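A.B. asks: The structure follows.
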Amino acid sequence: MNLELPGHVSVTHTDDGEVLLDESTGEYWEINQSGAAVLRMLLEGASEQEAARALIADLRPGEISPEGAVADIRELLAQLRAAELVVTS
């Protein structure tokens, strides 16, 4: 999977994560620190499983299962795709 931001989306880093702005509509979405880290990894070419392992490593042991982390990542991606904030090329 080769994930990228479309040309009409800009990203601003904040203390709490990231804000994605759809410049064509003026709408923006806030992503928390975990979601922002996952999105950056996926944009850099990491797989969902690699991003899940990194997410688990950043959390307290036992806080989330590998399956739960992958499910959360897929849900994040589904929401970002539906809002046309990311595309797969």
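A.B. asks: Those residues that are in a strand (DSSP E or B) and within 15 Å of residue 79 (Cβ to Cβ), I need them from the stretch 1-17; list them, please.
C.D. replies: Taking the stretch 1-17 first, the residues in a strand (DSSP E or B) are 3-4, 9-14, 17.
Matches in the stretch 1-17: 3, 9, 17.
Rundown of residues vs (1) out of contact with any Ser or Thr (no Cβ under 6 Å at 6 or more places or on another chain); (2) part of a loop (DSSP other than H, G, I, E, B); (3) without any contact (Cβ under 8 Å) to a residue 24 or more places away in the chain; (4) open to solvent by 80 Å² or more (accessible area, probe 1.4 Å), yes/no style:
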| position | (1), (2), (3), (4) |
| --- | --- |
| 34 | yes, no, no, no |
| 46 | yes, yes, yes, no |
| 53 | yes, no, yes, yes |
| 64 | yes, yes, yes, no |
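A.B. asks: Hey, among the residues in the stretch 1-17 that are of a type in the set (A, V, I, L, M) and surrounded by 14 or more Cβ atoms within 10 Å (Cβ to Cβ), which one's farthest from residue 58 (Cα to Cα)?
C.D. replies: 9
A.B. asks: Residue by residue through the stretch 18-32, note down the ones that are part of a loop (DSSP other than H, G, I, E, B) and either open to solvent by 60 Å² or more (accessible area, probe 1.4 Å) or in contact (Cβ under 8 Å) with a residue 12 or more places away in the chain (or both). Steps first, please.
C.D. replies: Start the filter on the stretch 18-32 by keeping residues that are part of a loop (DSSP other than H, G, I, E, B), which leaves 23-26.
Passing the criteria: 23, 24, 25.
A.B. asks: While we're here: Within the stretch 70-83, can you find the residues that are more than 12 Å from the chain's Cα centre (by Cα) and either surrounded by 14 or more Cβ atoms within 10 Å (Cβ to Cβ) or at pLDDT below 95 (or both)? Give the derivation first.
C.D. replies: Keep residues of the stretch 70-83 that are more than 12 Å from the chain's Cα centre (by Cα), which gives 71, 82-83.
Matches in the stretch 70-83: 71, 83.
A.B. asks: Could you please let me know if residue 88 is in contact with a Leu (Cβ under 8 Å, 6 or more places away or on another chain), surrounded by fewer than 12 Cβ atoms within 10 Å (Cβ to Cβ) and in contact (Cβ under 8 Å) with a residue 24 or more places away in the chain?
C.D. replies: On the way: in contact with a Leu (Cβ under 8 Å, 6 or more places away or on another chain): yes; surrounded by fewer than 12 Cβ atoms within 10 Å (Cβ to Cβ): yes; in contact (Cβ under 8 Å) with a residue 24 or more places away in the chain: yes.
Criteria met by residue 88.
The values are calculated or read from the model by the stated rules, or taken from the named source; none is laboratory data. Quick caveat, the model's predicted, so the values are computed rather than measured. All Cβ positions, glycine included, derive from the backbone under ideal geometry; neighbour counts span all protein chains shown. Note: accessible area is taken over every heavy atom of the protein model, side chains too, but ligands, DNA and RNA are not part of it. Shrake-Rupley method; radii C 1.70, N 1.55, O 1.52, S 1.80 Å.
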